[in-house]
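Structure first, commentary second.
The values are calculated or read from the model by the stated rules, or taken from the named source; none is laboratory data. The structure displayed is predicted, hence computed values, not measured ones. Please note: Cβ atoms are built from the backbone with ideal geometry, for glycine as well, and neighbour counts cover all protein chains shown. SASA here: full protein model, heavy atoms, side chains in, ligands and nucleic acids out. Shrake-Rupley method; radii C 1.70, N 1.55, O 1.52, S 1.80 Å.
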There are 2 protein chains.
Amino acid sequence: MFETAELGRSIAKAEFKQMVPDLRQELLELQDTLHKNKRFPVILIFAGVDGAGKGETVSLLNAWMDPRWLITRAYDDDEDGDWNWPEFWKYWRDLPPRGRIGMFLSAWYSRPLLDRVYGKSNDATFVNQLERIVGFERALARDGALILKFWMHLSREEQERRLTNLENDPLTAARVNKRDWEHWRMYDSFISAAEQLVSRTNRGIAPWTVVEGTDSNYRSITVAKILHDAIAHRLEEDQNNGAKNKTAATGKKAKTKKGKQSRDAATTNGAAYQAARSITVLSGLKMEQQLSKVQYKERLIDLQARLHRMHLSAKSKNIASVLVFEGPDAAGKGGAIRRINAALDARNYQVHGFSAPTEEERARHYLWRFWRRVPSAGHVTIFDRSWYGRVLVERVEGFATEDEWRRAYAEINDFEEQLNESNTVLVKYWIHITEDEQLARFKLREKTPYKRWKLTDEDWRNRDKWDIYEEAVNDMVQYTSTSAAPWTLVEGNDKRFARIKVLETYCQRLSAALGEPAD
Amino acid sequence: MFETAELGRSIAKAEFKQMVPDLRQELLELQDTLHKNKRFPVILIFAGVDGAGKGETVSLLNAWMDPRWLITRAYDDDEDGDWNWPEFWKYWRDLPPRGRIGMFLSAWYSRPLLDRVYGKSNDATFVNQLERIVGFERALARDGALILKFWMHLSREEQERRLTNLENDPLTAARVNKRDWEHWRMYDSFISAAEQLVSRTNRGIAPWTVVEGTDSNYRSITVAKILHDAIAHRLEEDQNNGAKNKTAATGKKAKTKKGKQSRDAATTNGAAYQAARSITVLSGLKMEQQLSKVQYKERLIDLQARLHRMHLSAKSKNIASVLVFEGPDAAGKGGAIRRINAALDARNYQVHGFSAPTEEERARHYLWRFWRRVPSAGHVTIFDRSWYGRVLVERVEGFATEDEWRRAYAEINDFEEQLNESNTVLVKYWIHITEDEQLARFKLREKTPYKRWKLTDEDWRNRDKWDIYEEAVNDMVQYTSTSAAPWTLVEGNDKRFARIKVLETYCQRLSAALGEPAD
């Protein structure tokens, strides 16, 4: 989930300086409107890895906006035992009224996370605490609150570097304490609990944004932009609803127009930000990796033999498998699937390809057609395209509304959690190819008679949306790659390399499920 | 929670026979419209106590409606271990498409409940399973499904009678098995788990209706009416939304009007049903109970002394108390509160009266003004009127929308659960008086100079809404009386009797919390 926040996104100092004045001005204007019409409160949560800039961001927002209408609250975790009131009493007490912005540091997320990491709570209790939070945020959101949550992330190495830097500077040394280092040593369990925390509490009414915390310019602009857009969007919605209910709405409408113009200006201004955003999980792939024919043959025979053996063993232990293949057109999904099938007992696996849903399928929830094809105990089902269509093609083509595809992340996580719980190995592959490689393959298909049928006009049209798809893939990985159901990104420009990586990954996951030593 | 389903509501055979033809006709028409426009699926859940009529109701609906467009599914719990698929696979498989009605017997509620009752799962696991159900139903509801859930209830005695009757009739004897009697013996733990189940999964998107199962006529009409109204309401909503988006909507509008007329006819027809509904938890109170002055004095001194002692003991153990007083105007809340205060250390308790919220309070969530007054450890806070205003006065007067007051039940349960968890004794009193008694007290107030200020025009106006308030109180008890935070209904026509019952109840709850033997 957090791999999307280790991409090295940054904004250079000069560009940052150029962007800030406009952004500040707009934030101040929005804050003023918010304060004057007192329609709803804004609640911001800043949580994440120590040293990733939670405190700095809050300070910066205090400096950029009008602090009279801001409420900032931090709670000292160490004093938790001292509280004489029910835990949420202090959060209720400190809620901002309509028209103001409340900024909360960790707050209600702190104790559940620390208790889990320190082993003071078990998984079921942790989940209950997170559900309580969802209930709390839902109550506030339904009452009108605009809730935004930022998870500030750093890699383990980056966190070490940050803590060391802070310690070495006399001005900031006092901000690093023993506990920060203790947390750093527990990084892996911290991240695994955080993953569950973010995915369980990431609801449409109170969404998380995972923010890469390494570069402070990128971090600040990201938070400020999201805050800006969310408030502006909500004010506009409110105004439109208001305008509908009023007859003398001329003055109001003019105002909306002005608001739109200034926002458009800000968007143009954010080219550096857009450039930083365009770095995705896919940008980091080493697409030049390849295998020679000889290496390939050798590895293939070896892996297929191993898979065959493990497959029988999994069958006898009632361990099912679900393999998901996604990727651009012509990425080589079919070829990779055939190399897996060759190693399996044909009575025991099923391949399902998916395109547009049938009428029967459209009459039901979008997950229905996938649920009914889930394998029974010990069986293998391969999905050539899958439920991820909801957040890929349906998102990009507008077949699903924003509300629909956004809530799909949680629905998908829930679905996959149920597969995991029922003794199923779930492997999800994104087989990636570059734009150039796709073009080359399309051209080859045009020339090859027995491959020509595979190529449609739509395939060509989709190429125009390459960047939009890439953003959708990045979001998909961010919200649905969990430690229990991680995405495997496969460098697919070399088909041989891709096929071996696909087989290898499945073998590793199967052998882990069988309790065999990895070899 | 289930006391609202032990009120002896019934509909006589003659009236039932008179109501059925119209109701059937309307259900068939609705089913036809639903099937023709294929806008959404309807999902009905029937769960509850064995013998309360789940199966009979489903059979009846199959007889009353067009079975071609009905899907009925029951799942055999005994075969749970045999399933080769993830648990929810079969529920997904069996989902009705848009335009059809699916009726599910127990289904996804069966295993969590039985596991909890048989001690196979602990509380945290149970809650997790219920949250999974909420996630499932939410996904379906957001996709458009209309979900209605019926909890069929019987008292322990009534269940015994039903099972015995079924066994004695050769035609039905086979329907009773050893497990039914086993469940009957576990009645109390079954009900306590069911209470948690219903309250945790009772969401606006998929609400539970607790149905009194004793009288089959009342039960059948209740389910059919609710089903009828929900489908009609939803079709109308859909049509209105559709009409808004169309220009040539004249034909459609005429149709809506016709639908409305026939529904109105059905409502008039349902006088017997309305009469049955008007029996509420308050109807059952023995309002004539009273105490003589001598009995009262004796009990009062005794209870106050006991309360004083326990109060100090609770303080030393950091046990807090929250006392909630609700009831009609002039019910004697103030007098009862003063009798409690007299026994407490003044430094240690606080009385808060609530009327309309202030501007500061209105700027926040309605629970805010109550949360901030929650007692700290060891203290006592008395709420003279409370958060229940949301589902009483705000509901009746229209200050809260239906959506707002409906979701308040779950928010209130969540709030009270948090009080319970933080070492707080929570006692909720509804002090009840009859309409006549209120009138007598109002007249007395008018004549007594030092009481006259207490009486306002609004008090008189509220008397016109007596029945509507009574229905609101019944719903409030149904949805917020849980084993951890039960309502105490106090017969208040005799002030002495009421005050003693209030003191006694608080003493009992405190002594239980202190682990003292009840005396």
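The residue list B:V391, B:V374, B:V396, B:V380 contains one member that is within 23 Å of B:E195 (Cα to Cα) and at pLDDT 90 or above, which is B:V391.
I'm trying to understand the selection: among the residues of the range B:440-459, which are open to solvent by less than 20 Å² (accessible area, probe 1.4 Å) and either within 14 Å of chain A (Cβ to nearest Cβ) or farther than 23 Å from B:M476 by Cα (or both)?
If we filter the range B:440-459 for residues that are open to solvent by less than 20 Å² (accessible area, probe 1.4 Å), which is where we start, we get B:442, B:459.
Within the range B:440-459, just B:F442 meets the criteria.
Would you confirm, using the coordinates I've provided, whether A:W108 is farther than 27 Å from A:I191 by Cβ and within 13 Å of chain B (Cβ to nearest Cβ)? Spell out how you get there, then give the answer.
Working: farther than 27 Å from A:I191 by Cβ: no; within 13 Å of chain B (Cβ to nearest Cβ): yes.
Here the answer is no, as A:W108 does not meet what is asked.
Among the residues of the range A:377-412, just one is surrounded by fewer than 17 Cβ atoms within 10 Å (Cβ to Cβ) and facing another protein chain (nearest Cβ under 8 Å), namely A:A377.
When the residues of the range B:189-226 are filtered to those that are over 18 Å from the mean Cα position of the chain (by Cα) and of a type in the set (A, V, I, L, M), the one that is farthest from B:V281 (Cα to Cα) is B:A224.
Within the bounds of the range B:448-471, is there any residue that is in a helix (DSSP H, G or I), touching a Leu at 6+ places or on another chain (Cβ under 9 Å) and more than 25 Å from B:R390 (Cα to Cα)? Yes - at least one qualifying residue is present in the range B:448-471. Per the conditions (1) surrounded by fewer than 18 Cβ atoms within 10 Å (Cβ to Cβ); (2) touching a residue at least 60 places away in the same chain (Cβ under 8 Å); (3) over 22 Å from A:R441 (Cβ atoms), the sole criterion not satisfied by A:G335 is (3).
Within the range A:175-209, the set of residues being in contact with a helix residue (DSSP H, G or I) (Cβ under 7 Å, 6 or more places away or on another chain), open to solvent by 20 Å² or more (accessible area, probe 1.4 Å) and small (G, A, S) comprises A:S189, A:S199, A:G204.
Filtering the range B:413-432 to residues that are more than 10 Å from every other protein chain (Cβ to nearest Cβ) and within 18 Å of B:H379 (Cα to Cα) leaves B:E416, B:V425, B:L426, B:V427, B:K428. Considering the range A:210-225, and only residues there that are assigned to a loop (DSSP other than H, G, I, E, B) and either free of Cβ contacts under 8 Å to residues at least 40 places away in the same chain or closer than 21 Å to A:I45 by Cβ (or both), the residue that is least open to solvent (accessible area, probe 1.4 Å) turns out to be A:G213.
Screening B:M103 on (1) within 14 Å of chain A (Cβ to nearest Cβ); (2) in contact (Cβ under 8 Å) with a residue 12 or more places away in the chain shows it passes everything except condition (1). Checking each residue in the range B:315-325 for being within 14 Å of chain A (Cβ to nearest Cβ) and open to solvent by less than 10 Å² (accessible area, probe 1.4 Å) picks out B:A320, B:S321, B:V322. Count of the range B:460-493 residues, restricted to those that are buried (at least 20 other Cβ atoms within 10 Å of the Cβ), farther than 18 Å from B:V322 by Cβ and more than 15 Å from the chain's Cα centre (by Cα), is 2. Cβ-Cβ contacts under 6 Å between residues 6 or more apart (or on different chains), taken from a first residue in the range B:179-194 that is over 17 Å from B:L163 (Cα atoms) to a second residue that is outside any helix (DSSP H, G or I), are listed as B:S192/B:S483. Residue-level analysis places A:G99 among those that are under 16 Å from A:I71 (Cβ atoms) and open to solvent by less than 20 Å² (accessible area, probe 1.4 Å).
For the range A:9-57, a tally of residues being buried (at least 19 other Cβ atoms within 10 Å of the Cβ), touching a Lys or Arg at 6+ places or on another chain (Cβ under 7 Å), within 14 Å of chain B (Cβ to nearest Cβ) and over 14 Å from A:M103 (Cα atoms) returns 1.
Only residues that are within 20 Å of the chain's Cα centre (by Cα) and away from chain A (no Cβ under 14 Å) were counted in the range B:128-157, giving 9. Selection of helices (runs of 4 or more DSSP H) fully inside the range B:326-376 by the criterion of at least 2 residues being more than 13 Å from every other protein chain (Cβ to nearest Cβ) returns B:333-341.
Screening A:T125 with (1) out of contact with any strand residue (DSSP E or B) (no Cβ under 8 Å at 6 or more places or on another chain); (2) of a type in the set (S, T, Y); (3) away from every other protein chain (no Cβ under 14 Å) gives one miss only, at (3).
Is it true that some residue in the range A:431-439 is touching a residue at least 24 places away in the same chain (Cβ under 8 Å), outside any helix (DSSP H, G or I) and open to solvent by less than 10 Å² (accessible area, probe 1.4 Å)? Yes, because at least one residue in the range A:431-439 is touching a residue at least 24 places away in the same chain (Cβ under 8 Å), outside any helix (DSSP H, G or I) and open to solvent by less than 10 Å² (accessible area, probe 1.4 Å).
With the checklist (1) in contact (Cβ under 8 Å) with a residue 24 or more places away in the chain; (2) in a helix (DSSP H, G or I) in hand, flag the one item B:W405 doesn't pass. Failed condition: (1).
Can you tell me which residue within the range A:408-423, out of those that are touching a residue at least 60 places away in the same chain (Cβ under 8 Å) and among the hydrophobic types (A, V, I, L, M, F, W, C), is farthest from A:H311 (Cα to Cα)? Break it down into steps so the answer makes sense when it comes.
Going residue by residue through the range A:408-423, those that are touching a residue at least 60 places away in the same chain (Cβ under 8 Å) are A:409-410, A:412-413, A:416-417, A:419-420, A:422-423.
Now restrict to residues that are among the hydrophobic types (A, V, I, L, M, F, W, C): A:410, A:412, A:419.
Numbers: A:A410: 31, A:I412: 26, A:L419: 18 Å.
Looking at the filtered set, the residue picked out is A:A410.
Within the range B:118-135, the set of residues being more than 15 Å from B:R200 (Cα to Cα) and open to solvent by 20 Å² or more (accessible area, probe 1.4 Å) comprises B:Y118, B:G119, B:K120, B:N122. Filtered by the rule that a residue be open to solvent by 20 Å² or more (accessible area, probe 1.4 Å), free of Cβ contacts under 8 Å to residues at least 12 places away in the same chain and either among the hydroxyl-bearing types (S, T, Y) or in a helix (DSSP H, G or I) (or both), the range A:136-174 gives A:E157, A:R161, A:T164, A:N165, A:E167, A:N168, A:T172, A:A173, A:A174.
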